[in-house]
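The values are calculated or read from the model by the stated rules, or taken from the named source; none is laboratory data. This is a predicted model, so every value here is computed, not measured. Cβ sites come from the backbone with ideal geometry, for glycine too, and all protein chains shown count toward neighbours. Just so you know, the surface numbers come from the protein's heavy atoms only, side chains and all, with ligands and any DNA or RNA stripped out. Shrake-Rupley method; radii C 1.70, N 1.55, O 1.52, S 1.80 Å.
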Amino acid sequence: MDFSNQRKDRPSMLTLADIADDLQSEVHELAARAAESIYAELPDYVSISRDELLGSIHTNVSRGVACLRARRAPLDDGEGEPQRTTRRRMEQGMPIDAIIRAYRLNLTAIHHRFIEVARQRSLDPEETLFGSSLLWEVGDWFMDLAVREYRAHAVTDEVRRNVEKADVLRAFGDREGDHEGTLRRAEALGLDRGQRYRIVMTVCESHDPWVRKVESHGATPESPALAASLGSFAVGIVARDPREALVSGSIAAGTLESLEHIGRSWRSARRVLAQTDAVPGSWLDATEITWRMAVPEERLVHELISDKYLPALAGEHRFGRVLLDSVWTYLESSQSIRQASQRLVVHENTLRHRLQRFQQLTGADLADLHTVVELAWLREAVRTRAMPLP
C-alpha cells in the first residue's frame, strides 16, 4: 500500500465545514481577542459592558462559521441582528464609523484565525481563497445593512427634530398655548432658561439655506440656535445675532428676552417683518424700528393723518406728490436744507420754495414736533403699503 499517496489525498478531503468546526470550538477565545482589539482602538466602546460586547461578537463569529459551513453569505432578512445591533449602538451614542470599525476588528480576528487553521490543516489553496473571500463578503453584507439602518434612523431623527423645532417655534408665538409645556420642549432641544434669546424671521426664496446659517451663526458655546420653516416665512431663536444669514431676504429681529418671555420677542419680530419693502439683505431690529412697528396695525391713525394732509395737496396734481416727497426727504435729512437738496438733486432755494408751498397748502408748521411725527407716520404707512397714496 502506498501511504505517501494517501497522505497526498488527505488534504483534498478536508472541507470548509471542517475548518468551521475548528473555529466554532474556539468561539470564546476569538470573541475575547476581538473584544480586546475593540476596547484598545475605539474609546467610544468603553461605555459598553464587556458581557454585551462579547454577546455581539459571539453572534458575529457564529455567523461567519455558519457561512463557511454553508458556503454562502447570509441573505438580507430585512430586520435582523445587524439592524438591531446598529440601532442599539446608535442609542448608546456610537457614530457609524466606530460601529463599522468595531465590526471590521471582529471580522479580522475571525479571518486571521481562519487563515491560520486552514494553513495548519493544509486546506486546499482554492478552498482557502474561497473561504477568505466568503468571510469578507459576510463583512460587506453586515456593513451594508448597518449603514442603511444608520442612514434611515438618522433621517428619521432629523425629520422628527425638524418637526419638533417648527412646533416649538410656532408655539412661542401662541399666547393661549401651554407655556410651561413649550418651555420644557425647548429645553429638550437644548435651549436654556437661564440664557437670553431673540426671535429672528425672514421671508426669502429658499428657507433651507437660511435655516442652516441661522443655526450655525446664531449659536454660542453655551446654547444652540434653532430655526425652521413655518410656511411662508422662516423663524429662528438665537443666542447671538446671525447677520451672516442675510441671504436673499431681510432678517427681522425681535427683542432680546429670557426664554420665559420669548413670546414678546416673537411678536415684536413679527411686527418688524411687516416692514415689507426693506432692502434685501438688511437687518431690521425691533429696538431700532420701535414706533414704526405700530404703523401697519393702526389703520385709523394713518387714515386720520392722511385726511389731514393729502386733500390739501390734491389740487396740485402731480406736483402735490413732489411736494410731499420733498418734505419727507427734508425730515429724513434731519431737517437740513443742504443734505435734502443734495439727495433730491435740486437747488437749495427750490427746496425752500417747495417746503413753503407745502406749509401754505396744508397749514402745517414743519418746525412743530406734532407735525413732524404725523408726517413721519404718514411716510411709514406709505412705505409699508399700509396705505397707498391716491
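Net length available on complete extension from Val373 to Ser62 is 103.5 nm, with 0.36 nm assigned per residue and the Cα-Cα distance removed. Segment 288-312 and segment 48-67 have Cα centres lying 75 Å from one another.
Excluding ligands, DNA and RNA, the accessible surface per residue across the chain is 53 Å² with a 1.4 Å probe.
Amide hydrogen proximity for Gly177: with H placed 1.01 Å from N in the peptide plane, no residue at 5 or more positions away or on another chain lies under 5 Å.
For the chain, what's the relative contact order in percent, using C-alpha pairs closer than 8 Å and at least 6 residues apart? Working shown, then result.
Numbers: 489 pairs, mean separation 41.8, N = 390.
Relative contact order for the chain comes out at 11 percent.
Counted as membrane-span-like here are DSSP H helices of the chain whose alpha-carbon atoms extend 30 Å or more along the helix's own axis and whose Kyte-Doolittle mean is -1.0 or above; these are 96-120, 125-172. Calculated from the structure, log10 I(q)/I(0) by the Debye sum over Cα atoms at q = 0.09 Å⁻¹ equals which of (i) -0.68; (ii) -0.62; (iii) -0.74? It is the one labelled (iii). The heavy atoms of Val155 offer some 80 square angstrom of accessible surface to a 1.4 angstrom probe.
Accessible surface comparison of Met90, Met201, Met13, probe 1.4 Å, protein chains only, largest first: the order is Met13, Met90, Met201.
Taking amide hydrogens as placed 1.01 Å from N in the peptide plane, the amide H of Glu257 sits under 5 Å from those of Tyr197, Arg198, each at least 5 positions away in sequence or on another chain. Counting alpha carbon pairs within less than 8 Å and at least 6 residues apart, what relative contact order, in whole percent, applies to segment 20-163? It comes to 33 percent, rounded to a whole number.
By accessible area of protein heavy atoms, probe 1.4 Å, what ranking do Arg379, Arg299, Arg354, Arg338 get, highest first?
Reading off the accessible areas and sorting them downward yields Arg338, Arg299, Arg379, Arg354.
Of Glu205, Glu26, Glu260, the residue with the greatest mean-square motion in the GNM of the chain, using alpha carbon springs below 10 Å, is Glu26. Note on Asp51/Arg193: beta-carbon distance plugged into 1/(1 + (r/R0)^6) with R0 of 30 Å gives a FRET efficiency of 0.15. Label-to-label distance for Asp97 and Glu297 is 5.1 nm, based on points extended 7 Å past Cα in the beta-carbon direction. Taking all protein chains together, Lys308, Lys213 sort by accessible area into Lys308, Lys213, largest first [probe 1.4 Å]. If you sort the three axes of the alpha carbon gyration tensor as a ≥ b ≥ c, you get a/c of 1.5 or more for segment 179-304 and a/b no higher than b/c, which makes it oblate.
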